[in-house]
1. How do 477-485, 227-235 rank on mean C-beta neighbours within 10 Å, highest first?
2. Quote to one decimal, in nm, the extra length available between R297 and A256 on full extension: 0.36 nm per residue of separation minus the C-alpha distance between them.
3. Ranked highest first by average number of other Cβ atoms within 10 Å, how do 282-293, 311-322 line up?
4. When a/c is below 1.5 the answer is rounded, else prolate if a/b is larger than b/c, else oblate, so apply that to segment 2-43 with a ≥ b ≥ c taken from the square roots of the Cα gyration tensor eigenvalues.
5. Under 5 Å between amide H atoms, partner at least 5 residues away or on a different chain: which partners does G95 have, H built in plane at 1.01 Å?
6. Which order results if Y350, Y210 are arranged by neighbouring Cβ count within 10 Å, fewest first?
7. Sort segment 112-269 into rounded, prolate or oblate with this rule: let a ≥ b ≥ c be the square roots of the eigenvalues of the Cα gyration tensor; rounded if a/c is under 1.5, and if a/c is not under 1.5, prolate when a/b is larger than b/c, oblate otherwise.
8. How many nm is it between the label spots at A546 and R308, if each spot is 7 Å from the Cα in line with the beta carbon?
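What follows draws every value from the coordinates through simple rules; no lab data is involved. Keep in mind it's a predicted model, so treat the numbers as computed, not measured. Quick reminder, even Gly has a Cβ in these numbers, built from the backbone with ideal geometry, and neighbours come from all protein chains shown.
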Amino acid sequence: MFFRLKRSGKRGYVQIVENTRDGAAVRQRVIADLGRADELAACGALASLIASGAKLTDQVLLINALDEDAEGALSVAAKRIGGPLLFGRIWERLGVADVLIGLLKERAFEFPVERAVFVAALHRLFVSGSDRDCASWIKDYDIPGAEGLDLHHFYRAMAWLGEELEEKPDGALAPRCLKDLIEERLFDRRRDLFTDLSAVFIDTTSLSFYGEGGETLGEHGYSKDYRPDLKQMILGLVVDGDGRPICTEMWPGNTADVTTLLPVVDRLQRRFSIGRVCVVADRGMISSATIAGLEARGLEYILGARERSDAVVRKLVLDNDDPFVPLLVERKAGETQLFVKQVKAEGVRYVVCRNEAEAENDRKDREAIVAALDAHLRKGDKALIGNSAYRRYLRKAGARGERSFEIDAGKLAEEARFDGIFVLRTNAKVTPLQAVLRYRDLLLVEDLFRRTKAIMRTRPIFHSSDAAIRGHVFCSFLALSMQKHLDDLLHGAGLVPEWKELLRDLDRLQQVRIHYRAADWLVRTDAAPDVTRLFKCAHVALPSRARQARPPPPAQSKSPRKRRGRPRRSATPT
């Protein structure tokens, strides 16, 4: 049966009609004439008829949406499902869930710790912030198994991730923690006969605290956050040649970078059972003792050299007259013009590289500084000495000069020698071009740090114990691992979306739960084209547009089980 609008001139009449079969033909039979359509609409009689009929079925849900006082009134709630679906699959594919669940078997937590860690890592990817913010953020997302998680659950999960497994050995920079065990098991899951760490990229940064920063981690030191007033910790990140994070290292905030490289390398060999390894690190992490330690261990290295402060580099390498070899390197952003040459000085192999694009940028930056410096000198020069960018281009003026300082043309010419230049020191058996490209890949680590500190805003950290701080930072490591896996999926699918826009598209994918008369219906919103393609590449199935939610399983009865057969004879005499 159905409604039909019967036209008669300018008027329309509403009829209830049913189809009937008359032999081979199908005919329509009028059951009832309801009246003129305009009059029915004006008095609301048609709406009342439909609403009264809807009470007899659960399939029509939106009829009583405006009638809040009706029996079995409609309730609607929407939650975001894009991020949990996509990153939930990546979480499983990386094996994080299995590793965490395996370690939790011997623990008697009364809440799902693995789900709390997943939510914290997902929170880092989307909005980040503190765990207190995470406890309220989770309410907007439909994350299976995360129902009932509260703030104290996240605090306990962070403390569990960072708890110490053994005391810190003498001379070690950090104790062995649970998060180290997780990193090792994750590495073992993707390891095969051909997996090695032929190149490892290492870099460090600082993360500041609002507060004391735990029992031992919070210390004052050189702040890369430009907040020397705050206590901080030092975070080291190690990635492999493909840009995948391997592990993190965490030390007190007063730890010097030059003292961290050798302990990291020793821990790498011990933790991941690796043999041949080529260490790639920036100039801030090396010293003569560090280089001697690497060579004593028989390790290969590609290290940045200090062009301005190292006398050997300045005199023997940069003053070398050997010609540069032009090389055109294809990169993701286009082609890069490089000029490379190899120089041996005092038995050490150096690779000198000049990047024309960077040289032009350095020249423009210096000209802008000099122009601003000249303008300030005309107003007065005493305040300029405190500015390190200006000070290196100044010299004291002569006795007859009216100003105390003036621009040093000799320093400008000396500085121009370093435009676009970087020098590498290496003992690796690679070509100069391979050494340059490997060192340029160190930018991967710097990019990961930018994501960790800027996009995910890991800093500042509010936890008050070392264990919780380690766990908090480790969740950012897990988020980075998932983001790297997602980047690989995007590259394989030929997609290059802007990261924040992709997160917005995932958040726009929502699921509406409609509750009506003891039944739940789920309706999904449309997915953006890039999200649809990405889900296919990740082998994630989108939920149906509309479906009825499965009712919860019935509670098991605790009544005693009935015994089959003849009743048991009582031992008590009657």
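1. Output ranking for 477-485, 227-235: 477-485, 227-235.
2. So the extension gain works out to 12.6 nm.
3. Output ranking for 282-293, 311-322: 282-293, 311-322.
4. Prolate, since a/c reaches 1.5 and a/b exceeds b/c.
5. When sequence neighbours closer than 5 places are left aside, there are no close amide H contacts.
6. Lowest to highest Cβ neighbour count: Y210, Y350.
7. Cα axes put segment 112-269 in the oblate bin.
8. Rounded to a tenth, the inter-label distance reads 6.8 nm.
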